[in-house]
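Where a number appears in this text, it was derived from the coordinates with a stated rule and is not lab data. Quantities reported herein were computed from a predicted structural model and do not represent experimental measurements. Cβ: placed from backbone, ideal geometry, glycine included. Neighbour counts: every protein chain shown.
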Amino acid sequence: MDDGRAGPVALPAWVGLVRHPAHGLTAIDAGLGAGNRAGTAPHFPLNARNLEVPAGATLAELPGGPPARVVVTHVHYDHLGGLPDLPPSTEIWLGAADAATLRTGAAGVPRRLLDGYDVRPLDFGPGRAGRALGRPAVDLFGDGTVWVLDLPGHTPGALGVFVQAADGPWLFVGDTAWVDAHLRGPRRPPAVRLVVDARPREAARSLAWARRFTGCAGLRIVTGHEPAGASWATGGPASGPQSAPAAPESAASGADGS
Ligand SMILES: [Zn+2]
């Protein structure tokens, strides 16, 4: 990962959980799911091995029930794997360009993955979006608590999510940065960037934008696969009543990959 570490690194596939008093539970990414656990699909062709999905770690296994909606930061297998386990009533929010990618077939992801779901492609074009943190953004609930940000590059329709929670602000950047070190200086090695980033120049601009917020007091930035993510996690999978306007929780299943 070009951050000084060498050899195999265990990377969790993080899922953000935001509970809103009026809109229920929103997941940021779907993580890995039963299909990944069984070794079927979706999977990344080059890295289907060394993947572990512990019991109870998927979205469908949340003790309080599955989320009402999922915001997919980008259409890679480790962010979509939990989707097929969720009921068809689930709202699936994703960038319009990523929705188009899925329809044409993305590596390792079945083309019909979203068939039957309540899919909500997000268009950030002029007149269709507001702005948050200096980026085109959609106010998910219209109350300013959850903003979905246009953050392209890793995939053409990649998203970030900014949450103004009762316990402070959170910024989920997906795989614009795999690990926290990528926010400080190291980046994915050039050859890796060419393979994993659909639009490397846009990805570099999105990463540079995210880096501007690393010094903001109280802001927790959640990268896609930070192994030390437990330092900002506020608890395990969704549990207990939340009185907060929007309260991030977290869950993760493990993957060697991105
Ligand atoms: Zn990933």
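Provide the per-residue ³J(HN,Hα) series for the range 156-168, in order, calculated from phi with Karplus coefficients 6.51, -1.76, 1.60 and θ = phi - 60°, each as a whole number of Hz, with x at glycine and proline positions.
x, x, 4, 10, x, 9, 10, 10, 9, 9, 4, 9, x
Name the long-range amide H neighbours of residue 17: under 5 Å, sequence gap of 5 or more, or other chain; modelled H, no Pro or chain starts.
28, 249, 250, 251
If you plug each phi of the range 205-217 into the Karplus form 6.51 cos²θ - 1.76 cosθ + 1.60 with θ = phi - 60°, what whole-Hz ³J(HN,Hα) values come out, in order, with x for Gly and Pro?
Ordered by residue, 3J(HN,Hα) equals 5, 5, 5, 4, 4, 4, 5, 5, 9, 5, x, 6, 4 Hz.
Sort 126-139, 173-186 by packing, meaning the average of other beta carbons within 10 Å per residue, with the highest value first.
173-186, 126-139
Can you tell me the convex hull volume per residue for the range 35-164, based on C-alpha atoms, in Å³ to the nearest whole number?
Dividing the Cα hull volume of the range 35-164 by its residues yields 125 Å³.
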